[in-house]
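Okay, so here's the structure we're looking at.
The values are calculated or read from the model by the stated rules, or taken from the named source; none is laboratory data. Here the structure is a predicted model, which means the values were calculated and not measured. When we count neighbours, we look across all protein chains shown, and the Cβ atoms used for this are built from the backbone with ideal geometry, even at glycine.
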Amino acid sequence: MKRILVMLLCVSIMFTFLAACGSTSDNKGGVSGKKTEVKISCWGIETDPNSVIIKDAVELFNKKNNMNAVATVVFTEQEQYKTKIAAEMAANEVPDVFNTWAAGFLKPFVKAGKVYDLTDKLNSDKEWKDRYVPGVYTPLEFDGKVYALPTTQTVVCLFYNKEIFDRYGLKEPKTFDELKNIINVLNENGITPFALGNKAPWVGAMFSELVVNRVG
């Protein structure tokens, strides 16, 4: 059950976690029978499909855990969440478990000593560790230690107009150079190569980051 809680939303915070351990007077995680509260902070709104899954997982944890603990979860819209979690980190009022982005977003929290090191827990449970696809830990590692775990895997899809491709003798690109050639051909014929809704900045970032990660 401890593994389920850690997997639920990525990372545990060192300071709050240690404070909870320091106040525990029995092996059930409670003080004089009082349940230990585990505070969880997530991005999104409560009606999102992912949020519903998280709420169901929290409810299941509260019903079945034997650690004398109760979890509560709060959702915040994504862009507001970034500001909120940064402010909580600065004020040292961070939740026990929280959503995070990898690499650059997580790094300053790790460097400030605010995030719990999951490395030993992972290494002691090979079945759990091996459930993740190869390479998934790389953006979650700092100085060889793992500080977060993924809860979802996102697939980015790119659709193309077959009629336009046929008109100009183009084929689906298999290399970056082939993609650049398609862009040049479309530009020369007055056709915008790419278009997407980008009201939320992360949408366009998904595509640019794929290029940077693989070619940059």
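Answer yes if at least one residue in the stretch 155-178 is of a type in the set (A, V, I, L, M, F, W, C), part of a helix (DSSP H, G or I) and touching a residue at least 60 places away in the same chain (Cβ under 8 Å), and no otherwise.
As a first pass, look at the stretch 155-178 and keep what is of a type in the set (A, V, I, L, M, F, W, C): 155-159, 164-165, 170, 176.
Keeping just the survivors that are part of a helix (DSSP H, G or I) gives 164-165, 176.
If we keep only those that are touching a residue at least 60 places away in the same chain (Cβ under 8 Å) too, we end up with none.
Within the stretch 155-178 (the criterion being of a type in the set (A, V, I, L, M, F, W, C), part of a helix (DSSP H, G or I) and touching a residue at least 60 places away in the same chain (Cβ under 8 Å)), the answer is no, since none of the residues qualifies.
Residue by residue, here is whether (1) among the acidic types (D, E); (2) under 22 Å from G135 (Cα atoms) holds:
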{"position": "K82", "(1), (2)": "no, no"}
{"position": "E88", "(1), (2)": "yes, no"}
{"position": "N92", "(1), (2)": "no, no"}
{"position": "V97", "(1), (2)": "no, no"}
{"position": "F105", "(1), (2)": "no, yes"}
{"position": "P108", "(1), (2)": "no, yes"}
{"position": "K114", "(1), (2)": "no, no"}
{"position": "N123", "(1), (2)": "no, yes"}
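Read through the list (1) surrounded by 19 or more Cβ atoms within 10 Å (Cβ to Cβ); (2) modelled with pLDDT under 90; (3) assigned to a helix (DSSP H, G or I), then give the number of the only condition that L18 fails.
L18 satisfies all of (1) surrounded by 19 or more Cβ atoms within 10 Å (Cβ to Cβ); (2) modelled with pLDDT under 90; (3) assigned to a helix (DSSP H, G or I) except (1).
May I ask you to list the residues in the stretch 43-69 that are at pLDDT below 90 and either in contact with a His (Cβ under 7 Å, 6 or more places away or on another chain) or in a strand (DSSP E or B) (or both)?
W43 - this is the single residue of the stretch 43-69 that is at pLDDT below 90 and either in contact with a His (Cβ under 7 Å, 6 or more places away or on another chain) or in a strand (DSSP E or B) (or both).
Can you tell me which residue in the stretch 185-208 is nearest to the chain's Cα centre (by Cα), limited to those that are over 22 Å from Q80 (Cβ atoms) and surrounded by 11 or more Cβ atoms within 10 Å (Cβ to Cβ)?
My answer is F207.
Any idea how many residues of the stretch 179-204 are part of a loop (DSSP other than H, G, I, E, B) and closer than 30 Å to W101 by Cα? Break it down stepwise before answering.
Applying the first criterion (part of a loop (DSSP other than H, G, I, E, B)) to the stretch 179-204 yields 189-201.
From what's left, closer than 30 Å to W101 by Cα: 193-201.
Count: 9.
One residue is enough: does the stretch 83-103 have a residue meeting the conditions more than 26 Å from W202 (Cβ to Cβ), of a type outside the set (D, E) and touching a helix residue (DSSP H, G or I) at 6+ places or on another chain (Cβ under 6 Å)?
So far as the stretch 83-103 goes, no, none of its residues is more than 26 Å from W202 (Cβ to Cβ), of a type outside the set (D, E) and touching a helix residue (DSSP H, G or I) at 6+ places or on another chain (Cβ under 6 Å).
What are the residues in the stretch 82-117 that are crowded, with 19+ Cβ neighbours inside 10 Å and within 16 Å of the chain's Cα centre (by Cα), if any? Talk me through it step by step, then tell me what you get.
Kept after step one, since they are crowded, with 19+ Cβ neighbours inside 10 Å, are these residues of the stretch 82-117: 85, 94-100, 106, 109-110, 114-116.
Scanning the stretch 82-117 gives I85, P95, D96, V97, F98, N99, T100, L106, F109, V110, V115, Y116.
Within the stretch 75-118, which residues are of a type in the set (S, T, N, Q) and without any contact (Cβ under 8 Å) to a residue 60 or more places away in the chain?
Matches in the stretch 75-118: T76, Q80, T83.
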